[in-house]
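The values are calculated or read from the model by the stated rules, or taken from the named source; none is laboratory data. All of these numbers come straight from a predicted model, not from anything done at the bench. Cβ placement follows ideal geometry from the backbone for every residue including glycine, while neighbour counts extend to all protein chains displayed. Note: areas computed on protein heavy atoms with side chains; ligands, DNA, RNA excluded. Shrake-Rupley method; radii C 1.70, N 1.55, O 1.52, S 1.80 Å.
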Amino acid sequence: LFPEAFNCCTKIAEEIPKGILRRVERFEIQKDDGRCHLHAVILHIEGRKFCVSPRIKRVKKWMKKNKHKIPRKKHHGRKQRRTKILKKERINS
């Protein structure tokens, strides 16, 4: 069995209680590509995951407002160090 298969939402909620979005720590968007068969929004609340439909109007509006809660990929550290060194050299010049 593939480990990714266990990370996919198999069912999604078509409705969501009002107060639940206030408690969301972060969220992910699951695409319906080769690994997962449902397009969904995964809400992380207090260590638990909830799968909801991305078509819910309230969820769409909330996602636009809270884009900062999407986990970002880490940038390559080497590029960051080079830019910091260049900035220091510019200051000293």
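Would you point out which residue out of Cys51, Cys9, Cys36 is surrounded by 11 or more Cβ atoms within 10 Å (Cβ to Cβ), assigned to a strand (DSSP E or B) and out of contact with any Pro (no Cβ under 6 Å at 6 or more places or on another chain)?
Every option except Cys51 fails the conditions.
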Looking only at residues in the stretch 54-87 that are open to solvent by 50 Å² or more (accessible area, probe 1.4 Å) and modelled with pLDDT of 85 or more, which one is nearest to Ala13 (Cα to Cα)? Arg55
